[in-house]
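Take a look at the structure below.
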Amino acid sequence: MDEGAHPLKSAASTRRIIHTLSTQHPNADTELHYRNAFELLVATILSAQSTDERVNQVTPALFARYEDARALAAADAADVERLIVSTGFFRQKTKALIGMAQQLVERHGGKVPADMALLTELAGVGRKTANVVLGHALGVPGLPVDRHVLRVSNRIGIASGDDPERVEQQLCKALPKQMWTLASDVLILHGRRVCRPKPLCDRCSVRKECEYYRTVVLTR
């Protein structure tokens, strides 16, 4: 991604593009399965370097055994490792999960705080994870930026750069708060289904507004 290769599209264009993508992907939402903020926080930590599908295969047994922060805080690490091994990096994830749960109990009475700063103080929780939980489970606007959001937003021209926090700031500045979570969901889904590393531009509803399509695909 070549930052500065093109000027960012206007806020009005960005809103229109997100609206068009939301029409193409009408039921865009996180694909992680969860029943509450704690479960989504655990699932999102597990999703690092893994797939949502794999995480969804693992979490039912994990949540049946450890239904809340207090239970997970007292968990045996070897048992957690056994349950999540297929998600990869299971030792690091186990350490993060148990540490996160202990911090929730010690600092927040076992509840997941609806606050970015407090969430990112927890073990294994960065801005992306915090934004997922805030936007989907706690009703607080958040715009998670993963590799799909980076790729799609840079290609279209609604953001520029490789730094997730910078891209988050650019998108949030262009969009009203009530669109932040939707924007992330549709960009992620578009990146998985259409705007892949090798994009399927003929299936894209915004290709006429896409800088990559204009400057790369049409010039081949």
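The values are calculated or read from the model by the stated rules, or taken from the named source; none is laboratory data. Just so we're clear, the structure is a prediction, and the values are computed from it rather than from any experiment. As a convention, Cβ positions derive from the backbone with ideal geometry for all residues, glycine included, and neighbour counts pool all protein chains shown.
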Taking the stated definitions as given, is ASP163 assigned by TED's automatic domain parsing to the domain that holds THR59 and farther than 28 Å from PRO60 by Cβ? no
Conditions (1) in a helix (DSSP H, G or I); (2) under 19 Å from the mean Cα position of the chain (by Cα); (3) surrounded by fewer than 20 Cβ atoms within 10 Å (Cβ to Cβ) -> THR23 fails only (2)
Scan LEU143, LEU187, LEU118 and give me the residue that is within 29 Å of GLU209 (Cβ to Cβ), part of a helix (DSSP H, G or I) and modelled with pLDDT of 95 or more. LEU187
Given the conditions (1) in a helix (DSSP H, G or I); (2) surrounded by fewer than 21 Cβ atoms within 10 Å (Cβ to Cβ); (3) in contact (Cβ under 8 Å) with a residue 12 or more places away in the chain, every one holds for ALA130 apart from (2)
Out of region 28-58, which residues are of a type outside the set (A, V, I, L, M) and part of a loop (DSSP other than H, G, I, E, B)? ASP29, THR30, GLU31, HIS33, TYR34, ARG35, ASN36, SER47, GLN49, SER50, THR51
Would region 152-160 turn up any residue that is in the same structural domain as GLN24 (by TED's automatic domain parsing), of a type in the set (Lys, Arg) and buried (at least 21 other Cβ atoms within 10 Å of the Cβ)? yes
Can you tell me which residue among LEU143, LEU122, LEU62 is touching a residue at least 12 places away in the same chain (Cβ under 8 Å) and more than 21 Å from THR181 (Cβ to Cβ)? LEU62
